[in-house]
Amino acid sequence: MANKKNDVQMPNAHLHELFVDELRDILGAEKQLLKGLKKLSEAAGSEKLKNAFETHYAQTEGQIDRLKEVFNSIGLTARGKKCKAMEGLLEEADEIIESFGGEPQVLDAALITAAQKVEHYEIASYGTLVTFAKLMEHAEAEELLAATLAEEKDTDSLLTEIALTEANTGVTA
């Protein structure tokens, strides 16, 4: 199999261990995010924002399944690791909820701020993984990771739209 670490035929094989480590990191991050999205959804005042968090929760479950497919496509068992970056981003989201929970007009804007920081971390991670997969000619992994990257970008755009039309303007639907 041309995907195995020790196969000298794989282009850019020097990236393999880093690729696997980053896959484990983002798998752990996605699992951690599930808990965070529940809290964000519960704290949101706007129905549109609540729905966005609930939709992203379902997407995240699918992204976890997709990551398992990526691991399988390169001949490895899916195993995540604790993502310190996601841990920090979710701690910050908790602090935001605590700090602005009594200010409903500000809370949704603050929740979007926290959520977009998470999205940007995920976009950076998946963008890197897509590049590594492409360079190592892991076509199936590249396609799966690109699908998740597109979802993350769409979520970021939706959050921006909610911010501009509701949360940052004080208008709620």
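The values are calculated or read from the model by the stated rules, or taken from the named source; none is laboratory data. The shown structure was predicted, so the numbers you read here are calculated from the model rather than taken from an experiment. Heads up, the Cβs are rebuilt from the backbone with ideal geometry, glycines too, and the neighbour counts pull from every protein chain shown.
Computed quantities for the displayed model
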{"read-out": "Positions within the stretch 97-113 being closer than 18 Å to T160 by Cβ, touching a residue at least 40 places away in the same chain (Cβ under 8 Å) and among the small types (G, A, S), in sequence order", "value": "A109"}
{"read-out": "Residues satisfying the stated conditions in the stretch 1-33, i.e. among the polar types (S, T, N, Q) and modelled with pLDDT under 95", "value": "N3, N6, Q9, N12"}
{"read-out": "Test: residue in the stretch 63-85 that is more than 30 Å from A13 (Cα to Cα) and buried (at least 16 other Cβ atoms within 10 Å of the Cβ)", "value": "no"}
{"read-out": "Residue among A58, A52 that is closer than 16 Å to T113 by Cβ, part of a helix (DSSP H, G or I), at pLDDT 95 or above and among the small types (G, A, S)", "value": "A52"}
{"read-out": "Some residue of the stretch 26-36 being of a type in the set (D, E) and under 25 Å from A141 (Cβ atoms)", "value": "yes"}
{"read-out": "Conditions (1) over 30 Å from A139 (Cβ atoms); (2) in contact (Cβ under 8 Å) with a residue 40 or more places away in the chain; (3) not in a helix (DSSP H, G or I): number failed by K81", "value": "(1)"}
{"read-out": "Check on E69, under 15 Å from L40 (Cα atoms), in a helix (DSSP H, G or I), among the charged types (D, E, K, R) and modelled with pLDDT of 95 or more", "value": "no"}
{"read-out": "Unique match (being small (G, A, S), surrounded by 15 or more Cβ atoms within 10 Å (Cβ to Cβ) and under 13 Å from the mean Cα position of the chain (by Cα)) among A44, A58, A114, A109", "value": "A114"}
{"read-out": "Cross-chain or 6+ apart pairs with Cβ under 8 Å, the stretch 133-151 first and at negative phi and crowded, with 16+ Cβ neighbours inside 10 Å, then hydrophobic (A, V, I, L, M, F, W, C) and not in a helix (DSSP H, G or I)", "value": "M136/M10; H138/I74; A141/I74"}
{"read-out": "Among (1) under 21 Å from I123 (Cβ atoms); (2) of a type in the set (A, V, I, L, M); (3) more than 12 Å from the chain's Cα centre (by Cα), the one test that L33 misses", "value": "(3)"}
{"read-out": "All positions within the stretch 121-142 that are part of a helix (DSSP H, G or I), over 14 Å from Q63 (Cβ atoms) and out of contact with any Lys or Arg (no Cβ under 9 Å at 6 or more places or on another chain)", "value": "A124, G127, T128, T131, F132, A133, K134, L135, A139, E140"}
